[in-house]
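Step one of this worksheet: look at the structure below.
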Amino acid sequence: MSNTSEFKRHRRLRSSASMRSLVRETTLSTDDFIYPLFILEGTNIKNEVPSMPGVFQVTLDRLEEELKEIHELGIKAIMLFGVPNEKDEEGTGAFIAEGIVQQATRKVKTGYPDILVVADTCLCEYTSHGHCGLIHNHDVDNDASLPLLAKTAVSQAEAGADIIAPSNMMDGFVTVIRHALDEAGYTNIPIMSYAVKYASAFYGPFRDAADSTPQFGDRKTYQMDPANRQEALREAESDVAEGADFLIVKPALSYLDIVRDVKNNTNVPVVAYNVSGEYSMVKAAALNGWINEKELVMEKLTSMKRAGADLIITYFAKDVAKWLNEK
Ligand code: PBG
């Protein structure tokens, strides 16, 4: 047939599993993942988060079980969130030496020095009102919150955190935290900034897990409007200028255009946060037998890397590490 040369045969490169592996452009590795952990104050508790099947809040004495598993699976980094017993107006639990995240950090670094501890630097898990900064006149006061965030970052570094990840969305947090870390001698501790964080309904299950739902209002005066794209570049640009070493885009799945924009317009590692709601939706569908969980999760995380993410913060990290190790 002479006319077969008139069209392209793309299927040649899809003809077998080996051929497809040979030309695959994006692959996942356990090195790509950061696994979030919720540390609960108290003793001997391991609570499954009802809206996040497979994700647990653990007390310090039960942390070892998680760490052992994470280590054996080859996951290199964890992100710590605290669930304290007591909260106050200022979020004191975020920055005291005996804070739950500080204690957990010391524990990780003693038992598993090779696991990188990423500390989420925010006040919302520790404030009685559930907002990410100090409240004045029914809104979060940007500049008054900055010193508390800086104190939180320094206390996390003192406890041994390897990376500081500020998620509070106050303007200037990278400058203030960088300065405070440097002053305290932590010039080598990088900042992984939640530079591009949208006010998203996808955080619902996390707020159950971390008990951090705002007690009034919402986070729309500090987190970004999901309708905006240019604004993401302004946020990314200012955080890089202020000294951010990594940039987080959050959530991930509905924001892959933003991941690509940030990747194309900056030269620091880009991190996609595959958030709680993105996890819960998949788990719910999987538990109903409506989807193939493994295939769907692999596709979803691959698409985040394809979009430009260098790293992914994900509650699926352990599952994916197991699947990758099976191969
Ligand atoms: C703290 C913080 C939140 C998440 C990470 N850090 C909650 C929020 O901003 O309300 C959400 C993570 C997730 O949904 O998985 N500010």
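When shorter helices are ignored and each DSSP H run of at least 4 residues is given -39500 (n - 2.57), the per-residue value for the chain at 222 nm works out to -12000 deg cm²/dmol.
Counting neighbouring beta carbons within 10 Å and listing from fewest to most, the residues ARG207, ARG12, ARG178, ARG219 come out as ARG12, ARG207, ARG219, ARG178. Remark: LEU233, LEU247 ranked as LEU233, LEU247, counting other beta-carbon atoms within 10 Å and listing the fewest first.
Under Stokes-Einstein, with the Kirkwood radius over Cα pairs as Rh, the value for region 27-326 at 25 °C and 0.890 mPa s is 129 µm²/s.
Say the dipole of region 27-326 comes from +1 at the beta carbon of Lys and Arg and -1 at that of Asp and Glu; which of PRO166, ILE100, GLY204 then lies farthest toward its positive end? The Cα lying farthest towards the positive end belongs to GLY204. D by Stokes-Einstein for region 33-102, Kirkwood Rh over Cα pairs, 20 °C, 1.002 mPa s: 165 µm²/s. Helix 256-265 and the longest principal axis of the C-alpha atoms of the chain enclose an angle of approximately 80°. Compute the angle between helix 317-326 and the longest alpha-carbon principal axis of the chain, please, reported from 0 to 90 degrees and rounded to the nearest 10. Around 40 degrees separate the two axes. Distances between placed amide hydrogens fall under 5 Å for GLY91 paired with SER128, all partners being 5 or more residues away or on another chain. Among the chymotrypsin sites (Phe, Trp or Tyr not before Pro) in region 260-298, those placed in a DSSP loop whose Cβ has at most 15 other Cβ atoms within 10 Å are TRP290. Expressed in units of 2.2 N^0.38 Å, where N is the residue count, the Cα radius of gyration of region 212-327 is 1.18. Kirkwood hydrodynamic radius of region 102-218, from the reciprocal of the average inverse Cα-Cα distance over all distinct pairs: 14.9 Å.
Label separation (ALA199 vs ASP88): 2.9 nm, computed from points 7 Å beyond Cα along the C-beta direction. Shown for LEU287, LEU301, LEU253, LEU149: other C-beta atoms within 10 Å of each C-beta, ranked fewest to most, produce the order LEU287, LEU253, LEU301, LEU149.
No value in this document is a laboratory result; all are computed from the given coordinates. This one's a predicted model, so the numbers in the text were calculated from it and none came from an experiment. Here the Cβ is made from the backbone with ideal geometry for all residues, glycine too, and neighbour counts use every protein chain on show.
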